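Written out below as structure tokens is the structure these notes cover.
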Amino acid sequence: MRHLRLIPSDTKIRFIDRRGIFFVFSALLVAASVALFAFKGLNYGIDFKGGILLDVRTQGPADLAQLRRSLAGLGLGEVALQEFGAPDDVLIRLPQQEGGDEAQQAALVKVKEALGANVEYRRTEFVGPQVSEELFWDGIYAVSAAIFAILVYIWFRFEWQFGLAAVVALVHDVLSTIGIFSLVGLEFNLTTVAAVLTIAGYSINDTVVVFDRVRENLRKYKTMPLAELFNLSINQTLSRTTLTSFTTLLALFALYVLGGEVIRGFSFGMIWGVVIGTYSSICVAVPLLLYLNLRRGSGAAETVAKTVGEEAR
């Protein structure tokens, strides 16, 4: 039986020789992501900002301009409206009102009076400032704890060099995901945090597969230069990596197109995460091992300086 291969088994791409290009690209990507987050920020959802969220259905296609005019004069602050999957579905966001729960209920009554009786209320959510702040920090703690746990796992399964390289690639993926959300302005909420955590798991799975082949080849080829050995390991796992990413992307694109607005942010984040996670596993994590004094299976240390010197000769 013949196995499906997107990449021929005899592929010999020199990934490690191009590590300088990969590192520059990744550094620029992370720097741009940090700059976007610092100066533009994220489009935080109600989970992190607090306020009132209403999902309403109108009779026929919604006239957003008219709805916006109706709500603008209520004195409730900046009211955001957007179509939510269909022309007659509208998502309305109101900022947190001063005065506690009574003020939130009063604001909701005003909105319902302004919209009239010809509107179906499908969902109403209230998120207070204390809850939103707790959710924000819980999201940060969840991502940080996941990265730390991954570092410990890789450290025990392999060596500290593998763990450090994996975490650098993982932070690269998380920061670039935050940057792309800031760039496109998609809502960043708890669903997006779930996407970031899923990306972390997917990315580290790809990285572990390549690292496992690297460790195996370190024991098998005890005199092969590290750069050549890393290229061999990446190419040996390249078909599996690309096929896994390709099939995952098929499902994610279907979710993005057909899943509706509720999971569109999650689907978009996952699509980006699969692409950037596959890239970082191959082009960031493995090349970093050249600079971390990696030991072979025999225990003999072989530094990058020695490897580079041998290649130069």
Between a residue in the stretch 235-250 that is in the same structural domain as V208 (by TED's automatic domain parsing) and any residue that is among the charged types (D, E, K, R) and surrounded by 17 or more Cβ atoms within 10 Å (Cβ to Cβ), which pairs come within a Cβ distance under 7 Å, given they are 6 or more apart or on different chains?
Q236/R213; T237/R213; T241/D206
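Residues are listed down the side, and each one gets a yes or a no for (1) under 17 Å from D206 (Cα atoms); (2) modelled with pLDDT of 90 or more; (3) of a type outside the set (A, V, I, L, M, F, W, C):
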| site | (1), (2), (3) |
| --- | --- |
| Q236 | yes, no, yes |
| R240 | yes, no, yes |
| L243 | yes, no, no |
| L249 | yes, yes, no |
| L255 | no, no, no |
| I263 | no, no, no |
Filter pass, R264 being surrounded by fewer than 20 Cβ atoms within 10 Å (Cβ to Cβ), assigned by TED's automatic domain parsing to the domain that holds Y221 and within 19 Å of N217 (Cβ to Cβ):
no
Verdict on I154 being surrounded by 15 or more Cβ atoms within 10 Å (Cβ to Cβ) and at pLDDT below 85
yes
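The rows are residues; the columns are (1) surrounded by fewer than 20 Cβ atoms within 10 Å (Cβ to Cβ); (2) of a type in the set (A, V, I, L, M); (3) in contact with a Lys or Arg (Cβ under 9 Å, 6 or more places away or on another chain).
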residue: W160; (1), (2), (3): yes, no, no
residue: S176; (1), (2), (3): no, no, no
residue: G185; (1), (2), (3): yes, no, yes
residue: V196; (1), (2), (3): no, yes, no
Does any residue of the stretch 73-82 turn out to be under 25 Å from the mean Cα position of the chain (by Cα) and hydrophobic (A, V, I, L, M, F, W, C)?
no
Lone unmet requirement of (1) modelled with pLDDT of 75 or more; (2) surrounded by 13 or more Cβ atoms within 10 Å (Cβ to Cβ); (3) more than 27 Å from L255 (Cα to Cα); (4) β-branched (V, I, T) for V79
(1)
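More than 30 Å from the chain's Cα centre (by Cα), over 26 Å from D138 (Cα atoms), exposed (fewer than 14 other Cβ atoms within 10 Å of the Cβ) and of a type outside the set (D, E), is that true of R68?
yes
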Looking at the stretch 89-112, can you tell me whether even one residue there is under 30 Å from L258 (Cα atoms), surrounded by fewer than 17 Cβ atoms within 10 Å (Cβ to Cβ) and of a type in the set (D, E)?
no
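The values are calculated or read from the model by the stated rules, or taken from the named source; none is laboratory data. None of the values given here were measured: they were computed from a predicted structure. Please note: Cβ atoms are built from the backbone with ideal geometry, for glycine as well, and neighbour counts cover all protein chains shown.
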